[in-house]
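The values are calculated or read from the model by the stated rules, or taken from the named source; none is laboratory data. Model, not experiment: these values are computed from the prediction. With ideal geometry, Cβ positions are generated from the backbone for all residues, glycine too; neighbour counts draw on all protein chains shown.
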């Protein structure tokens, strides 16, 4: 496709005269030559995103596991009932956050598998297109 520099209309590459303003387009460079091929595809960005979510969720879950273990040991050592209640609430909150982060990590892993399947399908389509 070419873009007429005068009326900004898109026309096919083989047309040398703009059908709307009748200016000469023989010197106009096709847009595909200017833009070039896409370097990154959506699947690649989805792949990176899923890796970040999976690893981030895993590390956050491990961090919350450590907090949960600390609160539990403090809960066992506490002597006052109010202190035990507060530490037990913190323990339960850390446990909830840990499971939440691990769930996010699993979602990231599933997204990674899904993206991997999409990439395989994309490469199969490219291979079939090259074979034709």
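Among the residues of segment 3-29, which ones are part of a loop (DSSP other than H, G, I, E, B) and in contact with a helix residue (DSSP H, G or I) (Cβ under 9 Å, 6 or more places away or on another chain)? Even if it seems obvious, please write down each step before you answer.
Pass one, segment 3-29, residues part of a loop (DSSP other than H, G, I, E, B): 4-9, 12-16, 18-23, 25-29.
Result: 13, single match.
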Taking the criterion of being closer than 30 Å to residue 6 by Cα and in contact with a strand residue (DSSP E or B) (Cβ under 7 Å, 6 or more places away or on another chain), would at least one residue in segment 33-48 satisfy it? no
In this structure, does residue 33 turn out to be modelled with pLDDT under 85, outside the structural domain of residue 124 (by TED's automatic domain parsing) and in a helix (DSSP H, G or I)? yes
Which one of 91, 49, 59 is under 28 Å from residue 123 (Cα atoms) and either part of a helix (DSSP H, G or I) or modelled with pLDDT under 85 (or both)? 49
